[in-house]
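Since the structure comes first, as structure tokens, the remarks are kept for the end.
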Amino acid sequence: MRRFLFLAVILLISSGRTIAQSPTTLKDAYKSCFTIGAALNPAQFTGQDQVEEAIVKQQFNTISPENVLKWEVVHPQPGAYDFAQADKYVEFGQQNRMFIIGHNLVWHSQTPKWVFEDGKGNPVSRKVLSRRMRDHIEKVVARYKGRIGGWDVVNEALNEDGTLRQSPWMKIIGEDYIEKAFRYAHKTDPQAQLYYNDYSLENEAKRKGALELVRKLKAKGVPITGVGLQDHVNLDSPTADQIDTTISEFGKLDVKVMITELDVDLLPWPASNQTADVSLSVAADPKLNPYPNGLPDEVQQTLAKRYADLFGVYAKHCGLVTRVTFWGVTDKDSWKNDWPVKGRTNYPLLFDREGQPKPAFNAVMQLGPKVAP
Ligand code: XIL
């Protein structure tokens, strides 16, 4: 009897231990490897969406602003700044002791036309545009100095073939707009991490261009801390091997690598190549929206497997990959419901429309202790 009691006590203690040790949140499951984040919209940080806010507080230790820090929101008119939403975003991050990301300072999209034009609608000079870029960066970075820990300084500067995109920034200022942006940001907040962020860097040509860009910046002493792989991926593209190689290649350049905008699109892909080009727009068609009333179990499992594969690769690069951020919290408000086709029912994240964890969440959680002990 005494022996039995002894055994029972040992069993109880050890099972208690297992329970205490197995993590229940994403941020805990991967805390030995990287931080885990989500991009937020205002409803999630102003108390309007309590369900999602609770998920954010529980699961994530870093946040990104889905839209509230983009140029068109904070600087809609010449000289007129509006920080109302961005301030709330940063306060939310501080209150919850999260690592706060700024997204983004220089991009061709969601930047008002006036930035590139004079009063008559003609393109401004290199000097004027450089000055506008500098004013913007200084104003925005200074406001959140010491609070925003990392900035996507330049977003999506490359074409698919690895050459520099002919954005208005490039056309008017020339290719040194990129280093100027990093230098202005660094001067304003020398402690902030500064990133180059882009999609489809897993494709060889674009990856080569990005590696070359980062190599050149580093050689010139430009203060770049890391590279963001957006990873708006599909179920089968890019492959886990392509992502693996991409992370390794950037690692060789002595920059941190971050997965900055992760989601997995499982609907029919209506374009010839996998991309996250926001200008892509395809007409709605019921054939492109096969699961309006729920996801079949089989597809749910395929998504779970894809997510486990992705986290397997990310965790393989523990320490080099320092952050993995999802582009959204639940399937309900993912941008993937409206891009590249409007009004679809997509299922790209780990939480369903009611905020319940999906099989993909469980797959990522179960993998955690194995790959990030
Ligand atoms: C998207 C937002 O999610 C949408 O709400 C918005 O309408 C368009 O932009 N790459 C980026 C992000 O760097 O800023 C984009 O976010 C998605 C693609």
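Panel note: the C-alpha atoms of region 239-351, placed on their principal axes, show extents of 46, 31, 23 Å (largest first).
Taking only Cα atoms of the chain, what ratio of Rg to Rh do you get with Rh as the Kirkwood inverse-distance radius? Rg/Rh: 1.01. Just so you know, the averaged projected area of the alpha carbon convex hull for region 205-304 sits at 8.1 nm². Taking all Cα pairs closer than 8 Å and separated by 6 or more residues, the relative contact order of the chain comes to 17 percent. Using only alpha-carbon positions in region 231-285, the gyration tensor eigenvalues give semi-axes of 26, 12, 9 Å once each is multiplied by 5 and square-rooted (largest first).
Annotation for region 42-134: GluC sites (Glu not before Pro) lying in DSSP loop with at most 10 further Cβ atoms inside 10 Å of their Cβ do not exist. Shown here for region 332-373: trypsin sites (Lys or Arg not before Pro) in loop regions (DSSP other than H, G, I, E, B) with at most 12 other Cβ atoms within 10 Å, namely LYS342. Seen against the Cα atoms of the chain and their longest principal axis, helix 177-188 is set at about 70 degrees.
Between LYS216 and ASN122, the distance separating the two model label sites (each 7 Å from Cα on the Cα→Cβ line) works out to 2.9 nm. Using every pair of distinct Cα positions in region 68-210, the Kirkwood expression returns a hydrodynamic radius of 15.8 angstrom.
Normalised by the number of residues in region 325-366, the mean separation of alpha-carbon contacts (under 8 Å, six or more apart) gives a relative contact order of 35 percent. For region 277-331, what class follows from the C-alpha gyration tensor (a ≥ b ≥ c being the square roots of its eigenvalues): rounded when a/c is under 1.5, otherwise prolate if a/b is larger than b/c, else oblate? Since a/c reaches 1.5 but b/c is at least a/b, the shape of region 277-331 is classed as oblate. Where Rh is the Kirkwood radius over the Cα pairs of region 19-139, the temperature 10 °C and the viscosity 1.306 mPa s, what D in µm²/s does Stokes-Einstein return? Value of D from the Cα-based Kirkwood radius: 97 µm²/s. Computed over every Cα-Cα pair of region 130-251 and binned at 5 Å starting from 0, the pair-distance distribution P(r) comes out as 2, 11, 20, 22, 19, 13, 8, 3, 0 percent. Rounded to the nearest 20, the size of the Cβ-charge dipole of the chain about its Cα centre is 1280 debye, with Lys and Arg at +1 and Asp and Glu at -1. Taking only the C-alpha atoms of region 97-180, Rg followed by Dmax gives 13.9, 47 Å.
Laboratory data are not the source of any read-out in this text; all were calculated from the coordinates shown. This is a predicted model, so every value here is computed, not measured. Please note: Cβ atoms are built from the backbone with ideal geometry, for glycine as well, and neighbour counts cover all protein chains shown.
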